[in-house]
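Worksheet for the structure shown next.
Nothing in this text is a laboratory measurement; each read-out follows from the coordinates by a stated rule. Just so it is clear, the structure is predicted and the values come from calculations on it, not from any experiment. Cβ sites come from the backbone with ideal geometry, for glycine too, and all protein chains shown count toward neighbours.
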Amino acid sequence: MASAAPKDAGAANEAKEKDAKTTFTFDLAHDSPRFPAMEETILKEWEKKDTFRESLRRSKEAKLPEYMFYDGPPFATGMPHYGHILAGTIKDIVTRYAHQTGHHVERRFGWDCHGLPVEHEIDKKLGIKTKEDVLMMGIDRYNAECRSIVMRYSSAWRETITRCGRWIDFDNDYKTLDTKFMESVWWVFSQLHKKNLVYRGFKVMPYSTACTTPLSNFETAQNYQQVRDPSVIVNFPLLKDEKTCLLAWTTTPWTLPSNLGLCVNKAFTYVKVLDKKSGKNFILAKSRIPFVYREEGKAVKNEENGGKKKKKSKKKKKKKEAPKPEQEAKEEAKKEEKQAEKKKEKSYEILEEMKGEDLVGLEYKPLFDFFAGQREKNGAFRVVADDYVLDGNGVGIVHQAPAFGEDDYRVCLENGIIKRGEELVCPVDDNGIYTAEVGEDLAGKHVKGKGADSADSIICRKLKAAGRLVLKEEYDHEYPFCWRSDTPLIYRAVPSWFVNVPKIKEQLVANNSREKTVWVPENVQTGRFHNWLVDARDWAVSRNRYWGTPIPVWQSEDGKEIKVIGSIEELAKASGVDAKTITDIHRDKIDHITIPDPRGEGYPPMKRTTEVFDCWFESGSMPYGQLHYPFENKESFEAKFPADFIAEGLDQTRGWFYTLMVISTALFGQPAFKNLIVNGLVLAADGKKMSKRLKNYPDPRKIINDYGADALRLYLINSPVVRAQEFRFKKEGVKGVVKEVFLPWYHAMRFFLENARRYEMVSGKKFEKRDNIYTEATNQMDKWILLRLNELVRFFRKEMKAYHLYTVIPELMRFIEDLTNKYVKYNRDRMKGTDGNLDEALCSLQALFQVLNTMCCLMAPFTPFLVEYMYGKLKVANGADAEDSVHFLMIPEEKSFDKEGDAKIADFCISALVSVVDNGRVVRTNSSGNISGRTPLRKMLIVHSDQKFLDAAKDLQTYIKDQINVKEIELSTDLKKYAHFKVIPDRRKLGKRLGRKQSACHKALCALNMDQIQKFRAEGKIEVEGETVTLDEVELKVEMNPKIKTKEFVGQSDGDVLVILDFTMDDDLLTEGKARDITQNVQGLRKAAKLNPTDKVEVYYKIEDHKDEKLKLTDVVAKSGDVFKQRLRTELVAYDKMAKDANKIKEETFTLGKSKITIALVTPKK
């Protein structure tokens, strides 16, 4: 039974630890680390010492080359989520690396403060529905409300970003609402105007009725949703022949009251058909007849109009009926025949064929009389032609509502149905509500309403009553929604300010070349972004809103004179207002300022146009706005432009990345950035988008509190998301990082600290770092881990320079795996000095220190907290001038101590070692019977065809013996004697390639003899049945020759090497095994007592040998004194020799076989 430690034992241990701190070089690390708490402590230290700013001060004073980084501004109206944390981590890694490779890296946080995200929040808060509501309230009060919430969550952002370990300057941030930033935006616009890249136009654009503003094409692309809308076919009777009607199909019935024309394709063949049901003649494209005339009476959805494929219905089996009389049967047969004939009869008849050009000019009767005067005014309600009409859907005739369709507007303008400068037929107001122009039934209705009382439903009822509705059905399709209000968009003609992007398209495409900008991953640049640039359209940069940077254009009342202002000083000069009084240039502060009309006093003064800039224009101007360029920092900006690096999510391909590229190309003819990392989307564990409403993801703060920010960072970065792919977030993955990476790595460091102290205690010498360990190392494993480290440094620098985070992280993880599961595991006893060889112990400790120290530098950008803690424990050995923080250290350079090929040879040798050990462990686990792993075996036989492999195993046999616990090793290349090969053909691969011949080849492969299989292994291919089969089409299994296998002689192979163990036991082996059991119990007791490896204790024992036990524990202890001294560094003393006043630390009784041994740990007397 275990006895409790005396009350003063803890105090004694504490006193010893204090003693140790004055004696040993290294302090110990906690045996059960709590990483989140550790990170909190380090954060406080960073804050106290101002570590981030100190690193900036040092790099600036050293006049290191500047590395320019742009931070894309987020909105602070919502909380940061995993997408922000991911992008922030990528930015932090790259900028930390840039600093650690000898650069000065300013990192300023930015805030997007204007635009719809802010206004939408205020609209919800104040119940604002229309533009009139805002004007009634006053723009000054509205903007004040917007300003009040702009930085609502800024403190939460700062707290989360800082807690995640990101080093970025929040105190010297930039905000798009700052007057200096806004003034730079004015300058950008004025420069584009001077280059004739800006114009005001009337254009049909995606329009948000909820936000009462048009949206750009890339904003529209952000939020498509699957919807069900009504689709209708309506008829338009010809003026000269009302019995003949043109057909048109639309999925927006709400646009029909605004119809002014019909459009055909001149090249298509059209037909006039007699519709037998209505008696009318319908004109439609010949190829679209099957779309109009489907199954009688069924207006069903098919694949073409948005429906799904019909599922085959399962017909119910009819019950057998009794035979009917002959006459009755005949009558039924005739009836069925007539019905069949009726079904065969078409419900239409083609009367005439014509070309589309034959229809041009035909006039028709409008659906409604709301705008009947347009016929006389502009020649509306006639047929025109254009190539945009296709025959892939609909009826080959498209209804034209120029106020609600981009092509409609263009076609009607080209054909004189509408004219520039004239008012458009547009009975829909800014809020998407029908005006009184379309009658009482529709006035006040929202065009995208739903239900029986919706605009679409009312229109369809009216058309049906008038005999104009041919078909109505439901249509499933993707439709754009407002990215901010999540309401359906409409297309609506609105006046707007545009940047003429097509004019600089060729230059944009050239600036997107790999010679000028490097994207990671490259496929986003050459695919999605390239295609977006090739198809670039004019960019609408104005919004009919209030909270934003005002468009700096003053225009005359008649619109003939305009003045574009590029600065506050210019505005002051032009208006006569004192520049000192213009401290804010939001709408409510400058809209009252007028500029005299240059034509003289007879003209009213010019007023500012009412629009503000789209917030995307502001974020695209951030390189200039954040520095107040060109009004300040001109030389500094121009020296650092373009930026060295930016990063954001894939959604910014058509957002920030695009606006940066357009504006910089327009201004300077070059891209705004040199290097770019694009990350993918972080999804919930179920593959859905993360949603606060669904609560389908864990709170980031809880994840950080449970597992630590470093674990979250590494989990996100070591995933497909850094290749711009989607990634499902699972908290188990973060936990896995702690368990599989951090804990083994941490305990490797802890093991070093313990054994460096043990070395100092036993040798009486201080541990001093030896930089020449790279060249002095003679041990194979030391050389291997140092070569691996040097290769890692080379790879790390090369790949980080290319911004390939997705290759760097896996390689770092592999190295940590090699370090913990190979190097440390195989050298534990050596580092402990178990065999008494302190020189070897020191060599191994020096190698491990070098690796741990270097890994702190390499991992610093990725796991800034953990490496700071580790470096804090290790730095004392770096000398008196050791840097205070690991983040002040530079990334090490690759060393030139090795010859070409050394690393490969070392890898080969260690691979041989691991392969032998792994196979040996499998044999011991599966075939040992009652033999404990601590009981040594007499012999191991290693069989391999390659002598180089055997030579490597021979050189490393000390490790093999130690890991498998075996006394002797024999080597052999005689596979024929010891091994049996078995070929298992892959039926799927062979069947796919060989077809019917697969069966014969399969038999031939299974019948191969040993010589043939050996040749197959060596050459990688073999010919059987006239076919060449390769190794990748079979599984080559290597087993121990069954003829020599016995209970004591057992083997295992991984397909490459065969390892055979001899389990024959003798008394010496069993005695040593029991001695190791006792040693293990003593060490376990020390651990339970929470003793440090350097804590000295006396060990007392008493034994209760069982009478039936052949091997007595008393004999084992008597024979194993040297074993105990070697492994425990003390003797086992008989219990009856313990002093009466001995201070017992811990005592426990253990059962070994049928016997028992009681062990007591006692504090040594001073």
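For segment 664-749, which semi-axes, largest first and in whole Å, follow from the square roots of 5 times the eigenvalues of its Cα gyration tensor?
Details: eigenvalues 191, 82, 25 Å².
Semi-axes from the Cα gyration tensor: 31, 20, 11 Å.
Looking at the square roots a ≥ b ≥ c of the eigenvalues of the Cα gyration tensor of segment 342-429, which shape do they give, rounded for a/c under 1.5, prolate if a/b is larger than b/c, or oblate?
prolate
Show me the chymotrypsin sites (Phe, Trp or Tyr not before Pro) within segment 342-435 that DSSP assigns to loop and that have at most 15 other Cβ atoms within 10 Å of their Cβ. Provide the component values of the computation, followed by the final result.
Values: sites: Tyr348, Tyr364, Phe368, Phe370, Phe371, Phe381, Tyr388, Phe404, Tyr409, Tyr434; in loops: Phe368, Phe370, Phe371, Phe381, Tyr388, Phe404.
Listed in order of number, the matching sites are Tyr388.
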Sequence order, segment 934-946: Karplus ³J(HN,Hα) from phi using 6.51 cos²θ - 1.76 cosθ + 1.60, θ = phi - 60°, Hz rounded, Gly and Pro as x, gives 7, 8, x, 9, 6, 8, 10, 10, 10, 10, 7, 6, 9
Here the relative contact order (percent) of the chain, from C-alpha pairs under 8 Å and at least 6 apart, is 13 percent
Here the alpha-carbon Rg of segment 501-568 over 2.2 N^0.38 Å rounds to 1.62
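Using only alpha carbons, build the gyration tensor for segment 921-1062 and give me the equivalent ellipsoid semi-axes, biggest first, whole Å. Can you show the working numbers first?
Working: eigenvalues 241, 49, 29 Å².
So the three semi-axes of segment 921-1062 are 35, 16, 12 Å.
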So the angle from the long Cα axis of helix 116-126 to the longest Cα principal axis of the chain, reported in degrees to the nearest 10, equals 80 degrees
Phi-derived 3J(HN,Hα) across segment 1046-1060 with the Karplus relation (6.51, -1.76, 1.60, θ = phi - 60°), rounded Hz, x for Gly and Pro, is 9, 5, 8, 10, 10, x, 8, 9, 9, x, 10, 10, 10, 10, 10
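Find how much the distance from Ser347 to Leu413 grows on full extension, using 0.36 nm per residue of separation minus their present alpha carbon separation; answer in nm with one decimal. Spell out each step's value before the answer.
Values: separation 66, 0.36 × 66 = 23.76 nm, distance 3.86 nm.
Once the chain is fully extended between Ser347 and Leu413, it gains 19.9 nm.
Given 0.36 nm per residue, what is the gain on full extension from Val1133 to Lys464 after removing their alpha carbon distance, in nm? Please list the in-between numbers first.
On the way: separation 669, 0.36 × 669 = 240.84 nm, distance 10.77 nm.
Between Val1133 and Lys464, full extension yields an extra 230.1 nm.
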Residues meeting the amide H criterion for Lys355 (H placed from the backbone, H to H distance under 5 Å, 5 or more places apart or on another chain) are Tyr270
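With a cut-off of at most 11 other beta carbons within 10 Å, and DSSP calling the residue loop, which chymotrypsin sites (Phe, Trp or Tyr not before Pro) in segment 104-145 qualify? Please list them.
Values: sites: Phe109, Trp111, Tyr142; in loops: none.
Filter output for segment 104-145: empty list.
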hull vol. (C-alpha, convex hull) per residue for the chain, Å³ -> 295 Å³
Nearest 10, in degrees from 0 to 90: the angle of helix 154-163 to the longest Cα principal axis of the chain is 30 degrees
Rounded to the nearest 10, the angle in degrees between the Cα long axis of helix 743-763 and the longest principal axis of the Cα atoms of the chain comes to 30 degrees
One would report the Cα pair-distance distribution of segment 1067-1162, bin width 10 Å, in %, as 15, 52, 28, 4
Percent antiparallel among DSSP beta bridges confined to the chain, nearest 5, equals 75 percent
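If you filter segment 502-541 for trypsin sites (Lys or Arg not before Pro), then keep DSSP loop positions with at most 11 other Cβ within 10 Å, what is left?
Numbers: sites: Lys503, Lys505, Arg514, Lys516, Arg528, Arg537; in loops: Arg514, Lys516, Arg537.
Counting only loop positions with at most 11 other Cβ atoms within 10 Å, the trypsin sites (Lys or Arg not before Pro) in segment 502-541 are Arg514.
With charges set only on the Cβ (+1 for Lys and Arg, -1 for Asp and Glu), what does the dipole of the chain come to about its Cα centre, in debye to the nearest 20?
Values: 193 positive and 175 negative charges, 782 e Å.
In debye, rounded to 20, the chain gives about 3760.
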So, relative contact order of segment 1067-1162 in percent, Cα under 8 Å, 6 or more apart, is 39 percent
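Please tell me which of these pairs span more than 32 angstrom C-alpha to C-alpha: Lys688/Lys735; Lys765/Lys1112; Lys731/Lys769; Lys448/Lys689? Intermediate results must be reported in sequence, preceding the final value.
Details: Lys688/Lys735 22 Å; Lys765/Lys1112 41 Å; Lys731/Lys769 40 Å; Lys448/Lys689 26 Å.
Table pairs above 32 Å Cα-Cα are Lys765/Lys1112; Lys731/Lys769.
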In the structure shown, of Lys194/Lys607; Lys899/Lys1037; Lys783/Lys1045, the pairs separated by more than 28 angstrom at the C-alpha atoms are Lys899/Lys1037; Lys783/Lys1045
Of the listed pairs Lys243/Lys464; Lys939/Lys1110; Lys175/Lys505, those with alpha carbons more than 19 Å apart are Lys939/Lys1110; Lys175/Lys505
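Lys and Arg at +1, Asp and Glu at -1: add these up for the other residues within a Cβ distance under 10 Å of Ala1075 and post the number. Before the final figure, lay out each step's value.
Values: positive: Arg934, Lys1074, Arg1076, Lys1119, Arg1127; negative: Glu1072, Asp1077, Asp1122.
Once positives and negatives cancel, what remains is +2.
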Relative contact order in percent for segment 841-896 (Cα pairs under 8 Å, 6+ apart) equals 34 percent
Residue-normalised 222 nm signal for the chain, counting each DSSP H run of n ≥ 4 as -39,500 (n - 2.57), nearest 500 deg cm²/dmol, is -11500 deg cm²/dmol
